[in-house]
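S.K.: Below you'll find the structure I mean.
The values are calculated or read from the model by the stated rules, or taken from the named source; none is laboratory data. What you are looking at is a predicted structure, and each value in this text was computed from that prediction instead of being measured. Don't worry about glycine lacking a Cβ; one is built from the backbone with ideal geometry, like all the others, and counts go over all protein chains shown. Accessible surface is based on the protein model in full, side chains and every heavy atom, while ligands, DNA and RNA are left aside. Shrake-Rupley method; radii C 1.70, N 1.55, O 1.52, S 1.80 Å.
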Amino acid sequence: MSFAKRAAASIAALTLAAAPAVAQEARVGMITTLSGGGAGLGVDVRDGFELALAQSGSDAVELIVEDDARRPELAVQIARRMIQSERVDILTGIIWSNLAMAVVPSTVAQGVFYISPNAGPSALAGENCSENYFNAAWQNDSLHEAAGATANELGYENTFIMAPNYPAGTDALTGFKRHYDGELAGELFTQLGQTDYAAEIAQIRDSGADSIFFFLPGGMGISFMRQYEQSGLDLPIVSAAFSFGQDMLPAMGENALGVINTSQWSPDLDNAANEAFIEAFRAEYGRTPSLYASQGYDTANLILSALEQADVDDADAFREALRAADFDSVRGDFAFAANHHPIQDIYIREVVQGDGELTNRIIGTAFEDHVDVYVDECRM
Amino acid sequence: MSLSLLVEQLLNGVQFGLMLFLMAAGLTLVFGVMGLINLAHGSLYMIGAFVCAVVAGWLGSFWLGLVAGLAAAAAAGAIIEVVVIRRLYARDHLDQVLATFALILILSEGVRIIFGPFPLYLSVPDLLNGTVSLGIVDYSLYRLALIGVGLLTALGLWLLIARTRLGIRIRAGESDREMIAALGVNIRALYTVVFALGAALAGMAGALVGAIQSVQVGMGEPVLILAFVVIVIGGIGSIKGAMVGALLVGVIDTMGRFLLPRAFGLFLDPSQAMDVGAALASMLIYILMALVLILRPRGLFPANG
C-alpha cells in the first residue's frame with residue numbers, strides 16, 4: 001500500500017470515528033393479540049408503537065408484527081420463528097401474562113431482548129428476573145395494589161374481589177390484598193375470556209359486600225358491567241385501568257360513570273410528551289388512545305432511545321442504554337428499578353363524561369415513585 | 001348460603017342453557033338433515049350480534065336491531081349454503097371441517113375489517129331494563145325474558161317439525177335423503193331453508209346475548225364449542241336431545257362454578273378452595289360429555305333410534 005493510500009485510509013477511519021452517533025438498526029418482532037376477544041388491546045399497543053416509530057422519522061427499527069390470537073402455543077411458535085429465521089434482536093408486544101410466561105424465559109435465554117409493553121407477571125419480576133427482560137409498563141400487581149390502597153381511602157371495609165384464573169389474575173388479587181386493610185366479602189376466580197357473569201353477580205349479591213374490586217380487561221369487563229347494570233345491584237366499584245380503559249368505555253355506556261380506577265397513565269395527564277402523543281394519536285387513528293396505546297408508544301420510544309446510544313449487537317452496551325431509560329415517557333417521570341420494572345407514580349382516576357365520549361380524569365395520586373415488592377428477590 | 005341465591009343460580013343456569021339451545025338447535029338440525037359439520041355456526045351468531053348492535057345504534061331501537069340481526073344471519077346462512085356448503089355434502093367430514101373452519105377465519109376477518117377490532121355497544125331495551133321480584137329473589141328482567149324467548153322458540157321449533165309440511169320434509173330428510181329426493185321433494189331448496197333456519201336461530205341468540213355481553217369479533221367460538229358439547233350429549237340430530245343437553249350443560253356449568261369452590265372450602269383454605277374449585281368447575285361439562293359417551297355413545301336421545 002502506498003503512503004497516499006494509507007493516509008487516505010487513516011483519514012477515513014478517523015472521520016468515521018469522529019462522526020456523530022447515528023441510530024443503529026434493529027429488527028423488532030412484535031407478537032400481540034390482533035384477533036379474538038382481546039384484539040382491542042393488541043391493536044392499541046401496535047398503533048401506539050407504530051406512531052412513535054413514524055414520529056421519530058428514523059428508520060432504525062424494522063418492525064415485524066404477528067397476531068397471537070391470545071393463544072400461548074401460537075405465541076411460542078411465532079417467537080421461535082422470529083428468533084430463528086427472522087433473526088430479530090428484540091421481541092415485544094405480548095398482552096397476556098400466560099403468553100408472556102410461555103415466551104419470555106426462552107427468548108431471553110437465547111440472548112434476545114424482550115421489552116414488555118404490557119404483561120408483567122410476578123414470576124418474572126423476582127427470582128426469575130433476567131437482564132435481557134425489561135418491562136416498560138408495570139409489574140402486574142402495581143395498579144391493583146393502588147386499587148387496594150384506594151379502597152381503604154374510600155372507606156370500604158367488606159370488598160368482594162374477582163379476577164380471571166391466569167397469572168395476571170392471581171397477581172391482581174394478590175396485589176389488591178397486599179394494601180387493602182378491610183375484610184373480604186368473597187374472592188372469586190373466573191375463566192379467562194368468560195362472557196357470562198350471572199353466577200358471579202348472584203354470589204356478590206349474596207355476600208353482603210359493601211364494594212367490588214375486579215380485574216376484567218377488554219371484553220370481559222364490558223360483559224360484566226352490562227350484566228351488573230341489569231342485576232339491580234348498585235355497589236361501588238374500585239378497579240384498575242385495565243377494566244375501565246378507553247378501549248372499553250364506549251362499549252360500556254353510562255353505567256361506568258363515576259367508577260374509580262387506578263393507572264400509571266391517563267389521557268388528561270399534564271405533560272408535554274403526553275399532550276403531543278394524544279394529539280398525534282387522535283390525528284392518525286381518529287380515536288382517543290387507551291393506556292395500552294400509551295405503553296406501546298413508550299416501549300417504542302424506549303427502544304429508539306437505546307438505539308441512539310448503543311448498537312443492539314453489543315448486548316452489554318445496549319442493555320445499559322435501555323436501563324438509562326433516556327426518553328420522555330408520556331406518563332411523566334419514569335425509571336427502571338433493579339429488576340428492570342418501572343419506578344413510577346400511580347394515579348387514581350374517575351370515569352367522567354368527556355368531550356362527546358366517556359373518558360378518565362385524574363383525581364388523586366395513590367403512590368409516588370412506586371416500586372414492586374419483588375425487586376429485592378431479583379439477582380442479576 | 002341462602003335459598004334465594006340457589007334459586008337465582010338455577011335461573012342463571014336455565015337461562016344460559018336456553019341460549020345454548022338456540023345455538024345447538026341449528027347445529028344439530030344441519031347435522032341431522034344434511035350430515036354436515038358446520039364450524040362456522042359461531043360466526044353466524046357473531047353476525048347476528050354485530051348487525052343488531054349497528055342497526056340498533058342507527059335506529060335507536062333494539063327490536064328493529066333484533067329483527068335485522070336475525071334476518072342478516074339467515075341471509076348470510078342462505079348465501080353461505082348456496083356458495084360454499086352445497087359443495088360439501090358429498091364430501092367427508094374432514095373436508096367439511098376444513099372448509100367451515102376457513103369460513104370462520106374469513107367471516108371473523110371480514111367483520112373486523114367492516115366494524116373494527118373494538119367491541120360494540122348494544123343496550124338492553126328500556127322495556128326489559130332492571131329487575132323483577134319473583135317472591136324470594138329479585139331477578140334481571142332481561143334474563144327472565146331470555147328464558148321466555150328460549151322456551152317459546154323451543155315450542156315453535158317443535159310445532160314446526162312435528163306439525164308442518166316443512167317439518168315432515170325435514171324429518172324425512174333426516175331418515176333417508178335419497179328417498180325424499182326421489183319422491184320429488186326439492187332437496188336443494190330444503191337444505192337451504194334448513195341451513196337458513198339454523199343460522200337465524202344462531203343470529204337471534206347472538207343478538208339477544210349481545211345486549212348483556214360484549215359484541216366483539218370471535219364471540220361465537222366459545223359458544224360454538226359448548227354447542228358441540230350439547231349436541232354430543234343430547235344425541236346428534238335430535239332437537240329434543242339438544243334441549244335436554246343444553247339445559248344440562250347450562251345448569252351443571254353454572255352450579256358447578258358456584259358450588260364446587262364452596263364444597264372444597266369445607267376442608268381447604270379459601271384461596272386454595274377457589275383455585276381447585278374453579279379449575280374443576282371448568283372441566284365439569286367435559287367430564288359429563290365423556291361419561292355420556294361411555295354410557296350412551298350415541299347421546300341421550302339419538303335421532304335415528
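S.K.: Any residue in region A:87-105 that's on the phi < 0 side of the Ramachandran plot and part of a loop (DSSP other than H, G, I, E, B): show its pairings with residues that are surrounded by fewer than 24 Cβ atoms within 10 Å (Cβ to Cβ) and charged (D, E, K, R) at Cβ separation under 8 Å, as long as the two are six or more apart or on different chains.
M.R.: Note: pairs meeting the criteria are A:V88/A:R27; A:D89/A:R27; A:D89/A:D313.
S.K.: Additional query: Read through the list (1) modelled with pLDDT of 90 or more; (2) open to solvent by 10 Å² or more (accessible area, probe 1.4 Å); (3) farther than 22 Å from A:R331 by Cβ, then give the number of the only condition that A:Q246 fails.
M.R.: (3)
S.K.: Of the conditions (1) over 26 Å from A:H341 (Cα atoms); (2) of a type in the set (V, I, T); (3) not in a helix (DSSP H, G or I), A:I161 satisfies every one except a single condition; which number is it?
M.R.: That leaves (1) as the condition not met.
S.K.: Quick check on this structure: which one of B:R169, B:R143, B:R163 is among the basic types (K, R), over 20 Å from the mean Cα position of the chain (by Cα) and surrounded by 13 or more Cβ atoms within 10 Å (Cβ to Cβ)?
M.R.: Going through B:R169, B:R143, B:R163 in turn, just one is among the basic types (K, R), over 20 Å from the mean Cα position of the chain (by Cα) and surrounded by 13 or more Cβ atoms within 10 Å (Cβ to Cβ): B:R169.
S.K.: If you check A:A240, A:A198, A:A251, which single one turns out to be closer than 23 Å to A:L143 by Cβ and at the interface with chain B (Cβ under 10 Å from one of its Cβ atoms)?
M.R.: It is A:A251.
S.K.: Looking at (1) surrounded by fewer than 17 Cβ atoms within 10 Å (Cβ to Cβ); (2) without any contact (Cβ under 8 Å) to a residue 40 or more places away in the chain; (3) not charged (D, E, K, R), find the lone condition where A:L34 falls short.
M.R.: (1)
S.K.: Here's another thing I want to ask about it. For region B:32-66, how many residues meet the condition of being farther than 14 Å from B:L122 by Cα and part of a helix (DSSP H, G or I)? Step through it out loud before you land on a result.
M.R.: Keep residues of region B:32-66 that are farther than 14 Å from B:L122 by Cα, which gives B:32-45.
Filter once more, so that each one left must be part of a helix (DSSP H, G or I): B:32-34, B:41-45.
The qualifying residues number 8.
S.K.: For region B:119-196, which helices (runs of 4 or more DSSP H) that fit wholly inside it have 3 or more residues that are touching a residue at least 24 places away in the same chain (Cβ under 8 Å)? It would help to see each step written out before you state the result.
M.R.: Details: elements: B:141-163, B:165-175, B:177-182.
Result: B:141-163, B:165-175.
S.K.: Could you pull out the residue among A:E254, A:E229 that is in contact (Cβ under 8 Å) with a residue 60 or more places away in the chain, surrounded by fewer than 24 Cβ atoms within 10 Å (Cβ to Cβ), closer than 21 Å to B:A211 by Cβ and outside the structural domain of A:A39 (by TED's automatic domain parsing)?
M.R.: Every option except A:E254 fails the conditions.
S.K.: From the list B:L88, B:L70, B:L105, B:L66, exactly one residue is crowded, with 20+ Cβ neighbours inside 10 Å and over 20 Å from B:L22 (Cβ atoms). Which is it?
M.R.: Unique residue meeting the criteria: B:L88.
S.K.: I would also like to ask the following. From the list B:G135, B:G110, B:G130, B:G116, pick out the single residue that is out of contact with any Gly (no Cβ under 8 Å at 6 or more places or on another chain), at positive phi and either within 13 Å of chain A (Cβ to nearest Cβ) or at pLDDT 90 or above (or both). Walk me through it before giving the result.
M.R.: Numbers: B:G135 fails: either within 13 Å of chain A (Cβ to nearest Cβ) or at pLDDT 90 or above (or both); B:G110 fails: at positive phi; B:G130 fails: out of contact with any Gly (no Cβ under 8 Å at 6 or more places or on another chain).
That would be B:G116, the only listed residue that is out of contact with any Gly (no Cβ under 8 Å at 6 or more places or on another chain), at positive phi and either within 13 Å of chain A (Cβ to nearest Cβ) or at pLDDT 90 or above (or both).
S.K.: Could you look through region B:9-44, keep only residues that are over 16 Å from B:K240 (Cα atoms) and open to solvent by 10 Å² or more (accessible area, probe 1.4 Å), and pick out the one that is nearest to the other protein chains (Cβ to nearest Cβ)? Break it down stepwise before answering.
M.R.: Looking only at region B:9-44, we keep the residues that are over 16 Å from B:K240 (Cα atoms), and these are B:9-13, B:15-16, B:34-44.
So of that shortlist, the ones also open to solvent by 10 Å² or more (accessible area, probe 1.4 Å) come out as B:10-11, B:16, B:35, B:37, B:39.
Numbers: B:L10: 10, B:L11: 8, B:F16: 6, B:G35: 30, B:I37: 22, B:L39: 15 Å.
Residue satisfying both the conditions and the ranking: B:F16.
For (1) more than 7 Å from chain B (Cβ to nearest Cβ); (2) out of contact with any strand residue (DSSP E or B) (no Cβ under 8 Å at 6 or more places or on another chain); (3) more than 18 Å from A:G253 (Cα to Cα), each residue gets a yes or a no:
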{"position": "A:K177", "(1), (2), (3)": "yes, no, yes"}
{"position": "A:Y180", "(1), (2), (3)": "yes, no, yes"}
{"position": "A:G186", "(1), (2), (3)": "yes, no, yes"}
{"position": "A:T190", "(1), (2), (3)": "yes, no, yes"}
{"position": "A:S207", "(1), (2), (3)": "yes, no, yes"}
{"position": "A:L216", "(1), (2), (3)": "yes, no, no"}
{"position": "A:G221", "(1), (2), (3)": "yes, no, no"}
{"position": "A:M225", "(1), (2), (3)": "yes, yes, no"}
{"position": "A:G232", "(1), (2), (3)": "no, no, no"}
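S.K.: Just to check your reading of the model, which residue among A:L291, A:L322 is under 30 Å from A:D234 (Cβ atoms) and open to solvent by less than 10 Å² (accessible area, probe 1.4 Å)?
M.R.: Only one candidate qualifies: A:L291.
S.K.: Suppose we filter region B:108-118 for residues that are assigned to a helix (DSSP H, G or I) and surrounded by fewer than 19 Cβ atoms within 10 Å (Cβ to Cβ); how many remain?
M.R.: Residues meeting the conditions: 5.
S.K.: Scan region B:188-218 for residues that are crowded, with 20+ Cβ neighbours inside 10 Å, away from every other protein chain (no Cβ under 12 Å) and either of a type in the set (D, E, K, R) or over 16 Å from the mean Cα position of the chain (by Cα) (or both) and report the count.
M.R.: 2
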